[in-house]
Amino acid sequence: MNQFGNRNALVLILLYALSCSKWELTSSARERMAIDHRMLHGRGRNMLQNGLGSTPQMGWNSWNHFGCQIDESIIRGTADAMVSTGLSGAGYTYINIDDCWAELSRDSGGNLVPRSSTFPSGINALADYVHGKGLKLGIYSDAGYETCQGQPGSLGHEGKDASTFASWGVDYLKYDNCNNDGTSPEVRFPVMRDALLKTNSALFFSLCEWGVDNPATWAPQVGNSWRTTGDISDNWSSMLSNADQNNAWASYAGPGGWNDPDMLEVGNGGMTTEEYRSHFSIWALMKAPLLIGCDIRNLDSDTLAILGEKEVIAVNQDSLGVQGSKVSSQGNLEVWAGALSGNRVAVVLWNRGGSAADITANWGDIGLTSSTTVTVRDLWAHQNWPSKYEGSLTVSSVCSHCVSMLLLSPTSG
């Protein structure tokens, strides 16, 4: 945005603030400020123009659970399970194949070839099967000479590989950063963007350069999502670290492009049910991609309940597209919040400590004026609180490593 555009945006914010009573910003003003704030960072005008990613992507990826031990039977079974479990009805759409799907050499024409031992039917047939379930198929490549696991990368082959993916009916590309030539991701990744756009096919472009080159500052013009962190592991400390790293870039996310703290570990067994519920809640509030990383063919009831929680998913998929963020903390007791459409606010009270504790959300921290009165809904309990609240609210005895996730809807102020 040029200097004149920046000045106009600032004037809009000031005029809107002056229109609010008592010089305090109402939640409507907060929504407008959030939108203008993204415009000041270049969001909204300079985003990737492929028509995708109006809300964060939802689906499944093979890597966290299966690593390289994948084949077409697993992918077909996962597509079947996405439908039979009801997860597709909750919004999960993409079935994404990660690394290890290709032969270790290109064919005589320089084309990528599906590994005959594990994908004998080919990717085109697999895409047809997934599409027949009402889902979409994703695939993996790398902006280097080889992928992280040694299959051919796309560096120098971007046009050919993009055309191949489009011809196979692929809907999504995860693009990694291993074994590259040492040039900046900011130079290499747009080459694949341009190649994908030339195919005239709608391929969601997911950048995976691990946050090394501050992608939030340039990737909105390149991809529909961008990793802000290294790989997640299935443990509490790794999840906390990725959440905190991703939080730093909140203002750069919005419709068309999203910060990505890596895939979900829910259901893989390394955390407790309450820790997984915390994981899912924070990812939803941060407008992170919700990409399941466990074996959905064999879900237990707790995992399915977390992954399928539609009221929490609705926060993630809210049309306003404002990434929620950490707004206050007292030691290990944290308040995270984010604006939603309809002047609502989503709040997560998060106890990262080792014992139960009371946590309070003050209106000044979550963007509400002190006189605003709200109704409260507990999204995990599916219960409306009987009273209305003004100025603050407190949840008593939030258990260790637990969250309370609330939806606040203003009734006055």
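The values are calculated or read from the model by the stated rules, or taken from the named source; none is laboratory data. All values derive from a computational prediction rather than experimental measurement. Because the Cβ atoms are built from the backbone with ideal geometry, glycine has one as well, and the counts that use them run over all protein chains shown. Each accessible area value is taken on the protein alone, full model and side chains, heavy atoms only, with ligands, DNA and RNA left out. Shrake-Rupley method; radii C 1.70, N 1.55, O 1.52, S 1.80 Å.
Screening Asp99 against (1) among the acidic types (Asp, Glu); (2) at pLDDT 50 or above; (3) open to solvent by 30 Å² or more (accessible area, probe 1.4 Å) leaves a single unmet condition, (3).
For every residue, the table says whether it meets (1) open to solvent by less than 10 Å² (accessible area, probe 1.4 Å); (2) free of Cβ contacts under 8 Å to residues at least 60 places away in the same chain; (3) farther than 30 Å from Gly138 by Cβ.
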{"residue": "Leu290", "(1), (2), (3)": "yes, no, no"}
{"residue": "Ile296", "(1), (2), (3)": "yes, no, no"}
{"residue": "Glu311", "(1), (2), (3)": "no, no, no"}
{"residue": "Gln330", "(1), (2), (3)": "no, yes, yes"}
{"residue": "Ser341", "(1), (2), (3)": "no, no, no"}
{"residue": "Arg344", "(1), (2), (3)": "no, no, yes"}
{"residue": "Val374", "(1), (2), (3)": "yes, yes, yes"}
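Being surrounded by 24 or more Cβ atoms within 10 Å (Cβ to Cβ), in contact (Cβ under 8 Å) with a residue 24 or more places away in the chain, not in a loop (DSSP other than H, G, I, E, B) and not basic (Lys, Arg) is a description that does not apply to Asn242.
Going residue by residue through the stretch 380-387, is there one that turns out to be surrounded by 14 or more Cβ atoms within 10 Å (Cβ to Cβ) and of a type in the set (Ser, Thr, Tyr)? No, the stretch 380-387 has no match at all. Leu368 falls short on exactly one of the conditions (1) in a loop (DSSP other than H, G, I, E, B); (2) touching a residue at least 40 places away in the same chain (Cβ under 8 Å); (3) farther than 23 Å from Asn247 by Cα, and that condition is (3). Contact map, the stretch 273-288: first residue under 15 Å from Asn316 (Cβ atoms), second residue in a loop (DSSP other than H, G, I, E, B) and of a type in the set (Gly, Ala, Ser), Cβ cut-off under 6 Å, separation 6 or more or different chains; pairs are Leu285/Gly324; Met286/Gly324; Lys287/Ala253.
Taking Asp36, is it under 24 Å from Asn224 (Cβ atoms), of a type in the set (Asp, Glu) and either assigned to a helix (DSSP H, G or I) or modelled with pLDDT under 50 (or both)? I'd like the intermediate steps shown before the answer.
On the way: under 24 Å from Asn224 (Cβ atoms): yes; of a type in the set (Asp, Glu): yes; either assigned to a helix (DSSP H, G or I) or modelled with pLDDT under 50 (or both): yes.
When the stated conditions are applied, Asp36 passes them.
Counting just the residues of the stretch 112-138 that are out of contact with any strand residue (DSSP E or B) (no Cβ under 6 Å at 6 or more places or on another chain) and of a type in the set (Val, Ile, Thr), which one comes out surrounded by the fewest Cβ atoms within 10 Å (Cβ to Cβ)? Step by step, filter the stretch 112-138, then rank; the result is Thr118. Considering Lys136, Lys160, the condition of being of a type in the set (D, E, K, R), touching a residue at least 40 places away in the same chain (Cβ under 8 Å) and within 27 Å of Asp300 (Cα to Cα) is satisfied by Lys136 alone.
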